[in-house]
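Contents: one structure, followed by commentary.
The values are calculated or read from the model by the stated rules, or taken from the named source; none is laboratory data. Quantities reported herein were computed from a predicted structural model and do not represent experimental measurements. Backbone-built Cβ (ideal geometry, glycine too); neighbour counts: all protein chains shown. Areas reflect the complete protein model, heavy atoms only, side chains present, ligands, DNA and RNA absent. Shrake-Rupley method; radii C 1.70, N 1.55, O 1.52, S 1.80 Å.
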Amino acid sequence: MSGADAQTVRCESRDGKVTYANTACPDNSKAVRTLPAPGDPAPDDVRAARERLKQDKERVSQIDRARHAEEEQAARARAIRDKQQAERDRACRKLALQVTQTRDDLGRAAHNRRDALERRLQRLSEQHAADCGK
C-alpha cells in the first residue's frame with residue numbers, strides 16, 4: 001500500500017478492545033470497519049466554515065465595541081463622581097474654616113456682638129455637620 005492509498009482500519013478483539021491500524025489488524029482481533037483516507041474538505045464545508053468564521057469575527061467585533069462603550073461610560077461616571085467629591089471636599093473645607101474663624105471671632109468679640117456670632121457659629125456648625133458628616 002502506498003501512502004496515498006493508506007486506509008485506517010478499526011480492529012476489535014473478542015474482549016472488546018478497540019485498536020486502529022494502517023495495516024492488518026493485530027492477532028486476536030478482526031477488522032470491523034475501514035475508515036476513509038483523509039482528504040480535502042468538501043467545497044460546501046469550506047464555504048460554511050468561512051461563513052462561520054466571518055460571523056464569529058463580526059460577533060467578537062460587536063462584543064469589543066460594546067465593552068469599549070461600557071468602559072467609556074464607566075470612566076465618564078467616575079470622572080463626574082470624582083469632580084462632585086472634590087467640590088464637596090472644597091465646600092467642607094470652606095465651612096470648617098468659617099466655623100474656626102467664627103469661633104475665633106467669638107472669643108475676641110465685644111459683649112454686644114456675641115449673640116450674633118453665637119448664632120452664626122451655631123448655624124455654620126449645623127451646616128458643616130449636615131453637609132460634611134462631622
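Quick rundown of the values:
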| item | result |
| --- | --- |
| Complete set of residues in segment 106-128 that are assigned to a helix (DSSP H, G or I) and open to solvent by less than 60 Å² (accessible area, probe 1.4 Å) | 106, 116, 117, 121, 124, 125, 128 |
| Residues of segment 73-100 that turn out to be surrounded by 13 or more Cβ atoms within 10 Å (Cβ to Cβ) and not hydrophobic (A, V, I, L, M, F, W, C), as a count | 1 |
